[in-house]
Amino acid sequence: GRSVTRDEQGRLCVAGLDVDTIARRHGTAAYVMDEADFRARASGFRDAFAGAFDRFGGADVYYAGKAFLCTAVARWVAEEGLALDVCTGGELAVARRVGFPGERLAFHGNNKTVDELRAALEYGVGRIVVDSFHEIDRVLAVAAELGVVAPVMVRVTVGVEAHTHEFIATGHEDQKFGFSLAGGQAAEAARRLLARPDAVRLLGLHSHIGSQIFDTGGFEAAIHRLVGLQAEIEEEHGVELPEVDLGGGYGIAYTSQHTPLGPETLADAMADIVEREFTVLGDGDNRRVPKVSIEPGRAIVGPGTFTLYEVGTVKPVDLGGGRTRTYVSVDGGMSDNARPALYEADYSCSLANRTSDAEPMQVRVVGRHCESGDIVVLDEYLPSDLRPGDLLAVPGTGAYCRSLSSQYNHTPRPPVVVVREGESRVVVRRETIDDLLALDVADA
Ligand code: LLP
């Protein structure tokens, strides 16, 4: 995050508070979140896209709650004037708790239940992004039951290979999301929806090609195909679809290997692509660009959080040939960050409670779980005087860490601590072993 500094004792500080104080007050492991960073990135996306898309009537930014959502974050998103993408009844419940404006909610998911659809429509969500024919039937039934017209978008599988890990690519044909464009299912979905204006209103098409993406080529290919489909639908049915959603997926820098585009560059590039591609809708003076929306999650919440761990053991392992690797065990691991194990994701870390002039040594930072794949940072250099009790900070853990966390090995999950202007507060409290035992029926 932008406000991470060192104080005169060499301690890492975030928003004016040092890590020793944070660790003493809140314990380790802990996710430490810089509120100002989140707000700056959220408003940065909002303003960059509003500016670049000004000539097309602006653009809406939906924060993708799956990256990380809690009550405080939902409130910040509302206060910063963004919209919110939720993908379960649980995320919807968080939004409802802060009175998030229903019309600024998008409801996603490839297997929404009837109860979730009912809750979403009763709350008045601005759009349900439908993902299958079975779901269309359910939306029609629930809308009829409630006597409402459900606003919907059609999630389209555009057939684009995003350049990212296969587990987080979603635009190519052979995966579970969306209606296939090439197979004609997307056009058929639009046909079925447009046939039922009594129960649904088709706002437009939606595409999300994947996550942790660094070039705009994939978006360009996706938009090209999406617009072609939109033109066909509009011609076949004599309608105008007022909106289009281009999804999220903007990459962040976990290590120095990555160079993120930044919201302004991204917004300008996306607006240029939209300008070029949407020429097929209408002609001459009647050219029309639908209202664009995007759904960044990681790029807003990822960078402003680090995980603070305490070192428990330092163990040099002889690799032969005069080489050593030092295994550093911390008080967390794959339960609070599953991404290295799931996606071979790369992180970095630094000594947080002091600086040191000792020679750097090559380390692998590992967790406390009973698996050798329990890796926190695969490859890093830390001072060779590293010792138990030292604190390590792993940056960039705001997205898909707490939200993907588990209680593997009966490990209570760390708290989310927010720092603002030198003050810390807990926004998600630390789980306790009693929390875990409470779910476990003692006399069963
Ligand atoms: N919109 C839709 C429809 C999505 O499915 C996603 C992410 C997003 C937006 C936000 O994507 P973002 O801007 O955060 O990349 N657990 C994986 C990432 C899964 C992404 C799921 N969908 C990871 O840790 O890399």
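What follows is calculated from the coordinates using simple rules that are stated; it is not laboratory data. Note that this is a predicted model, so its numbers are computed, not measured. FYI the Cβ positions are ideal-geometry reconstructions off the backbone, even for glycines, and counts take in every protein chain you see.
Which residue, A144, A106, A299, tops the fluctuation ranking in a GNM of the chain built on C-alpha contacts under 10 Å?
Ranking A144, A106, A299 by mean-square fluctuation puts A144 first.
Using only helices, what value at 222 nm comes out for the chain when you add -39,500 (n - 2.57) per DSSP H run of length 4 or more and divide by the total residues, to the nearest 500 deg cm²/dmol?
On the way: 12 runs with 130 residues, N = 444.
Using -39500 (n - 2.57) per qualifying helix, the result is -9000 deg cm²/dmol.
Picking from V366, G124, G10, whose Cα lies most toward the positive end of the charge dipole for the chain (charges on Cβ: Lys, Arg +1; Asp, Glu -1)?
G10
Using modelled amide H (1.01 Å from N, peptide plane; none on Pro or chain starts), what sits under 5 Å from the amide H of R364, excluding residues fewer than 5 places away?
Counting only residues 5 or more places away or on other chains, the set is T326, Y327, V328.
Between R6 and residues 5 or more places away or on another chain, which pairs have amide H atoms under 5 Å apart, with H built 1.01 Å from N, and which residues are they?
Close amide H contacts, sequence-distant or interchain: C13.
Could you give the semi-axes, largest first, of the ellipsoid that matches the chain, computed as the square roots of 5 times the alpha carbon gyration tensor eigenvalues and rounded to whole Å? Intermediate values should be presented prior to the final figure.
On the way: eigenvalues 356, 113, 84 Å².
Computed over the chain, the values are 42, 24, 20 Å.
Find how many whole Å separate the alpha carbon centroid of the stretch 364-392 from the alpha carbon centroid of the stretch 164-236.
42
Looking at the chain as a GNM with Cα springs under 10 Å, which of S335, S406, S356 has the largest mean-square fluctuation?
The residue with the greatest mean-square fluctuation here is S356.
Which of K66, K315 has the fewest other C-beta atoms within 10 Å, and how do the rest follow up to the most?
Values: K66 22, K315 11.
With the sparsest Cβ surroundings first, the list reads K315, K66.
When you take every Cα atom in the stretch 382-429, what is the radius of gyration, and what is Dmax, the widest Cα pair distance, in Å?
Over the stretch 382-429's Cα set, Rg and Dmax evaluate to 13.9, 36 Å.
Taking the stretch 35-131 on its own, what percent of its Cα-Cα pair distances exceed 19 Å?
Working: 1869 of 4656 pairs.
In whole percent, the share of Cα-Cα pairs in the stretch 35-131 beyond 19 Å is 40.
What percentages, rounded to whole numbers, describe P(r) for the stretch 362-444 computed over all alpha carbon pairs with 10 Å bin width beginning at zero?
Cα pair-distance distribution for the stretch 362-444, in percent: 12, 36, 35, 14, 3, 0.
In the stretch 338-444, what GluC sites (Glu not before Pro) fall in a loop by DSSP, with at most 15 other Cβ atoms inside 10 Å?
Sparse-neighbourhood loop GluC sites (Glu not before Pro): E344, E371, E421, E431.
Hey, what did the chain get for relative contact order, percent, Cα under 8 Å, at least 6 apart? Could you put the intermediate results ahead of the total?
Numbers: 984 pairs, mean separation 85.1, N = 444.
Reported as a whole number, the value is 19 percent.
Any idea what diffusion coefficient the stretch 53-299 gets from Stokes-Einstein, in µm²/s, Kirkwood Rh on alpha carbon pairs, 25 °C, 0.890 mPa s?
Values: Rh = 18.2 Å.
The calculation lands on 135 µm²/s.
Quickly work out the E235-to-A442 label distance, labels modelled 7 Å from Cα along the C-beta direction, and quote it in nm with one decimal.
7.1
Between the DSSP loop rule and a limit of at most 15 other Cβ atoms within 10 Å, which GluC sites (Glu not before Pro) in the stretch 1-105 are left?
Details: sites: E8, E35, E79, E80, E91, E103; in loops: E8, E80.
Hits after loop and neighbour filter: E8.
Tell me the label-point distance for the pair Q407, Q175, using the 7 Å Cα-to-Cβ offset, in nm and rounded to one decimal.
3.1
How high is the FRET efficiency from R425 to R354, r the C-beta distance, R0 25 Å, rounded to 0.05? All intermediate terms of the calculation are to be shown ahead of the outcome.
Details: r = 26 Å, r/R0 = 1.02.
The calculated FRET efficiency here is 0.45.
Mind putting a number on the dipole of the chain about its Cα centre? Charges go on the C-beta only, +1 for Lys and Arg and -1 for Asp and Glu, and I need it in Debye to the nearest 20. List each step's numbers first, then the result.
Numbers: 44 positive and 66 negative charges, 161 e Å.
Here the chain has a charge dipole of around 780 debye.
Which whole-Hz couplings ³J(HN,Hα) result when phi for each residue of the stretch 392-400 is put into the Karplus expression 6.51 cos²θ - 1.76 cosθ + 1.60, θ = phi - 60°, listed in order with x for Gly and Pro?
Couplings: 10, 10, 10, x, x, 9, x, 10, 6 Hz.
For Y123 and R387, calculate 0.36 nm times their separation in residues minus their Cα-Cα distance, and state this gained length in nm to one decimal. Don't skip to the answer; put the middle values down first.
Details: separation 264, 0.36 × 264 = 95.04 nm, distance 5.27 nm.
Extra length available between Y123 and R387 comes to 89.8 nm.
What is the distance in Å between the Cα centres of the stretch 117-160 and the stretch 1-67?
Here the two parts' Cα centres lie 33 Å apart.
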